[in-house]
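First the structure, in the form of structure tokens, and then the observations on it.
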Amino acid sequence: MHGRSWTDIGTALGVTRQAAQQRFHAPHKRYDPETMSEDLRQAMTHVKRAAVQHRNNYIGTEHLLWGLTAEDNSATRLLGAAGASPGALHRTVGDRLSMGASQAAERIAWTPYSRKAIALAEEQAEEAGSAHIDCDHLLLGLARIGRGVAAAVLDEAGLDAGTLREAAAAPPAGRAVRRG
């Protein structure tokens, strides 16, 4: 994601290129970092860190939601516009991250729901006419799936795809809407 070769990553980790590539496996479709906003690239570092720290050999929807709510970005602003507390959601999903059994994940694969969420995020970005997939697009993708840990956390907070789409379409608070 950051332009480093698998050889560089393997060297930094003290493993072979192949071991590094298997451990940090990307989704089936490779998303070039250039297709992601800077905020989403930063959120993805939180996603991967959560998976590694919890010794999970997968990236699930819970990891994606945790990474999206780790710091201020378009997803946290969308959650705020929808009336939710990004910090509370971050804590809730963090409580649901379970510790894996393996000491070191040989491979971090994306779950089917996570792959679907990023594909839906890409569609959302295209529909919005954006050249980059952003954090709010991925949040909407997670909500549209309606399954997995992230969907359960969002549902418990009273958020679904429709609610988030409405909040995304609403004009920012404090700005007058021009009527024509």
| note | With the label point 7 Å along the Cα-to-beta-carbon line of L13 and a cut-off under 18 Å to each amide N, the hits in region 42-63 are 44-60
| field | Whole-number percent relative contact order across the chain, with pairs defined as alpha carbons under 8 Å at least 6 apart | value | 24 percent
| query | What does the highest-first list of 38-45, 75-82 look like by mean Cβ count within 10 Å? | reply | 75-82, 38-45
| Taking the Cα-to-Cβ direction at S98 and at E156 and moving 7 Å from each Cα, how far apart do the two end points lie in nm? | 1.4 nm
| Roughly how many Å² is the accessible area per residue of the chain, as a whole number, for a 1.4 Å probe? | 55 Å²
| remark: proj_area_mean for the chain (convex hull on C-alpha atoms), units nm², value 10.9 nm²
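The values are calculated or read from the model by the stated rules, or taken from the named source; none is laboratory data. None of the values given here were measured: they were computed from a predicted structure. All Cβ positions, even for glycine, are placed from backbone atoms using ideal geometry, and neighbour counts span all protein chains on display. Please note that ligands, DNA and RNA were not included when accessible areas were found on the heavy atoms of the full protein model with its side chains. Shrake-Rupley method; radii C 1.70, N 1.55, O 1.52, S 1.80 Å.
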